[in-house]
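Q: Pasting a structure below so you can have a look.
Readers should treat all values here as calculations from the given coordinates under stated rules, not as data from a laboratory. Since the model is a prediction, treat every value here as computed from it, not as a measurement. Here the Cβ positions follow ideal geometry from the backbone for every residue, glycine too, while neighbour counts run over all protein chains shown.
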Amino acid sequence: MSEVVDGKYYQAVPANSLAERLLVTARERIFKDFMARMRPARSDRILDVGVSDVINDGANVLERVYPHQDKITACGIGQGDDFQAAFPAVGYVRIEPNVRLPFDDNSFDIATSNAVLEHVGSFERQAFFVRELCRVARRAFISVPNRYFPIEHHTALPVAHYEDAMFRMACRVTGKSEWAQEENLILMTRKRLWRLAAPIGKSAAVGYTGLPLGPFSSNLYLAFH
């Protein structure tokens with residue numbers, strides 16, 4: 001069931017396509033920025049929130065690339081059967097969306113989440129998600145798609161997502177109206193990430209990552225130290 005749910009996030013990225021190759025490249029660069037910003041030690045415990053039961057070259061990049069899988073605890077909203085089969089050394093905990101994470105304060109050295117924050121719902125729910133990552137870990141690295149990348153990540157629509165009304169109309173015309181609903185997708189900007197970071201009380205940085213195109217780069221990150 002979780003694979004069916006997760007699969008909708010990859011509908012715009014067919015297997016063996018140019019889109020998949022670009023996704024893989026972007027996420028490998030996000031991983032490099034994660035390593036540069038977080039500088040994990042061999043002993044650091046890492047929490048990865050929002051892993052996918054879709055197993056492909058573009059999903060679960062931390063688990064695929066990080067050399068110390070035994071130090072990772074992964075969380076997802078599905079049963080995680082396919083994930084656990086693919087990454088048996090990684091611990092897996094099933095969680096419920098928009099509720100407190102089942103870990104004590106500072107249980108981890110680093111918490112990370114890729115391409116999840118834009119899907120949790122309203123600003124209040126996003127703020128809660130960010131607070132929870134910062135509660136359970138001393139450092140955090142969150143990455144999201146950049147609204148101003150020319151191709152919208154979930155629909156593959158070009159430039160229409162630069163303006164809300166145009167994006168809603170384009171989604172309706174193309175039969176992709178679910179992506180115009182706030183509970184499914186919020187288009188992320190640097191300004192919104194800074195607003196989410198402001199109340200946390202930790203040193204924060206916001207920057208571009210993924211495919212490097214300056215302000216049109218494919219992704220953004222929010223990092224806490």
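Q: Using a Förster radius of 30 Å, what is the FRET efficiency between Glu182 and Ala85 based on their Cβ-Cβ separation? Nearest 0.05, please.
A: The formula returns an efficiency of 0.30 here.
Q: Show log10 I(q)/I(0) for the chain at q = 0.18 Å⁻¹, two decimals, from a solvent-free Debye sum over equal Cα scatterers.
A: Values returned for q = 0.18 Å⁻¹ are -1.52.
Q: Using a 10 angstrom cutoff on alpha carbons, build the Gaussian network for the chain and name the most mobile of Gly210, Gly80, Gly91.
A: Gly91
Q: GNM on the chain, C-alpha springs below 10 Å: top fluctuator among Tyr66, Tyr92, Tyr148?
A: Comparing Tyr66, Tyr92, Tyr148 in a Gaussian network model of the chain, the most mobile one is Tyr66.
Q: Nearest 500 deg cm²/dmol is fine: what mean residue ellipticity at 222 nm does the chain get from its DSSP H runs of n ≥ 4 alone, each adding -39,500 (n - 2.57), divided by its residue count?
A: That comes out to -9000 deg cm²/dmol.
Q: Nearest 20 debye, what's the magnitude of the dipole of the chain about its Cα centre given +1 on Lys and Arg Cβ and -1 on Asp and Glu Cβ?
A: 880 debye
Q: Sticking with this structure for a sec: With an 8 Å Cα cut-off and a minimum separation of 6 or more residues, compute the relative contact order for the chain in percent.
A: Once normalised by length, the contact order is 20 percent.
Q: Mind giving me the nanometre distance, one decimal, between the label points for Ser203 and Asn98, set 7 Å out from Cα along Cα→Cβ?
A: 3.5 nm
Q: Given +1 on the Cβ of Lys and Arg, -1 on the Cβ of Asp and Glu, and no further charges, what dipole in debye does segment 147-207 carry about its Cα centre, rounded to the nearest 20?
A: Approximately 280 debye in magnitude.
Q: Let me ask something additional. For the chain, modelled as a Gaussian network with Cα springs under 10 Å, which listed residue fluctuates most, Phe167, Phe129, Phe108?
A: For the chain, modelled as a Gaussian network with Cα springs under 10 Å, the answer is Phe167.
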